2 protein chains.
Amino acid sequence: MTTKSKRDLLIAAARTKFYHQGVARTTLADIAQEAQIPLGNVYYHFRTKEALLEAVIEAHVERLQTRFAQCDREVADPRERLLTLIRWEREGESSMARYGCPHGSLAQEIDKEEDTKLVDQAAGMLQSYLEWTEKQFRQLGKDEQEAKDLSIDMICWFQGTFLLAASFRSPELMDRKLQRMEEWIRSL
Amino acid sequence: MTTKSKRDLLIAAARTKFYHQGVARTTLADIAQEAQIPLGNVYYHFRTKEALLEAVIEAHVERLQTRFAQCDREVADPRERLLTLIRWEREGESSMARYGCPHGSLAQEIDKEEDTKLVDQAAGMLQSYLEWTEKQFRQLGKDEQEAKDLSIDMICWFQGTFLLAASFRSPELMDRKLQRMEEWIRSL
DNA sequence: GTCTATAAATTGATAGAC
DNA sequence: GTCTATCAATTTATAGAC
């Protein structure tokens, strides 16, 4: 943990740049600079820009799984777990209301690609949210179909909220909507 | 209406290409080809790619305003109007479940820009949805704050739904969610 | 107004020294 | 493994003939 490999440094730099500028508008020179690594060196770790993008998505998915697993361990009540997720999103409010959701905006951009492998991988990020929330709704006693529907309700609300908040540059919109989502969770 | 100006042809071609490939990945050569116009000719109508993008967003906003105004004229009941909007979205289902929402995905991509003018313009597309739906909820008898909240609920759900449907390449997800939104509207 | 040719800049990727 | 220099391709934008 004290020493991060250059590979991980590059992934972290690329994640940030892709999030802030979009994948297409981010050059490998941007990423190399962010990681404080010479441009030519990038190619020692990743054959192509796309390979680096794949590694970034993979890191996103792993990070999500880790956080969800952590929440499962630390919070006993499924309703409290869902509220914890909302609290997490709220913590990233300032950047979310500027750049949108790191996962949703990345998935949206990749949707324009032809590359099926990338699209599937990006969908995996959103799938992580859906599966985990669905599990919580099941534990709240909802039947299979309802749990599925509620998880889609919730993640659609998330994604739409982050999209609007970013477009309007409005932390206030995000704040109010997340607050109302908390009430919604409590009412279920 | 029978003869479309080359300028309008270019805007239509750019709109399609930006929607399908994203703005950053679409070249002016792509657009010229789609419009069946020589590349050099593009610059006679638009000084830069960004100027063309601005014209595309402007066209989007105008088109939205026109459709909303048309709905106001043709449909008397505000609840039926909201259902009409859902029906409209459903008509574009196959492309929405492939490329996302033409307005939302464009706004999302532009959010990564620095250019404030573009961001504000893109936000205008989403603002059109919010203002119109808010007006309908007001006419349904909701108070100011509730109408605002409900319009955000609805448009966030829209945007999230189109994002997920595109990422999962799932018309089914979109279909089911829109159907549930219809029930939601009827229950209000 | 329309088109061809091309300039100018950017950027993904490689070669090869150390 | 690391870095510099550079290639090759792409793409925005312009020049100038018709």
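The values are calculated or read from the model by the stated rules, or taken from the named source; none is laboratory data. Since the model is a prediction, treat every value here as computed from it, not as a measurement. Glycine also receives a Cβ, built like all others from the backbone with ideal geometry; neighbour counts cover every protein chain displayed.
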Seminar exercise, completed: For segment B:1-43, the count of residues that are among the hydroxyl-bearing types (Ser, Thr, Tyr) and within 14 Å of chain A (Cβ to nearest Cβ) equals 4
Seminar exercise, completed: Residues in segment A:50-71 that are surrounded by 16 or more Cβ atoms within 10 Å (Cβ to Cβ) and charged (D, E, K, R) total 1
Exercise. What is the one condition in (1) modelled with pLDDT under 95; (2) surrounded by 14 or more Cβ atoms within 10 Å (Cβ to Cβ) that B:Thr2 does not satisfy?
Worked result: (2)
Exercise. In segment B:153-172, which residue that is among the hydrophobic types (A, V, I, L, M, F, W, C) and at the interface with another protein chain (Cβ under 7 Å from one of its Cβ atoms) is farthest from B:Ile86 (Cα to Cα)?
Worked result: B:Phe168
For this session: For residues that are more than 15 Å from DNA strand D (Cβ to nearest atom) and either more than 15 Å from the chain's Cα centre (by Cα) or hydroxyl-bearing (Ser, Thr, Tyr) (or both), tally how many sit in segment A:4-42.
Result: 3
Exercise. Given the residues A:Glu134, A:Glu146, which is the only one that is assigned to a helix (DSSP H, G or I), touching a Ser or Thr at 6+ places or on another chain (Cβ under 6 Å) and more than 9 Å from chain B (Cβ to nearest Cβ)?
Worked result: A:Glu134
For this session: Give A:Glu50, A:Glu34, A:Glu62 a once-over and let me know the one that is farther than 20 Å from A:Gln139 by Cα and away from DNA strand C (no atom under 16 Å from the Cβ).
Result: A:Glu62
Problem set entry | Long-range neighbours under 6 Å by Cβ, at least six apart or interchain, first residue more than 11 Å from A:Met96 (Cα to Cα) and outside the structural domain of A:Tyr19 (by TED's automatic domain parsing) within segment A:160-188, second assigned to a helix (DSSP H, G or I) and of a type in the set (D, E, K, R) | A:Leu178/A:Arg90
Problem set entry | Residue count for segment B:48-78, restricted to those that are over 18 Å from the mean Cα position of the chain (by Cα) and within 17 Å of B:Arg15 (Cα to Cα) | 4
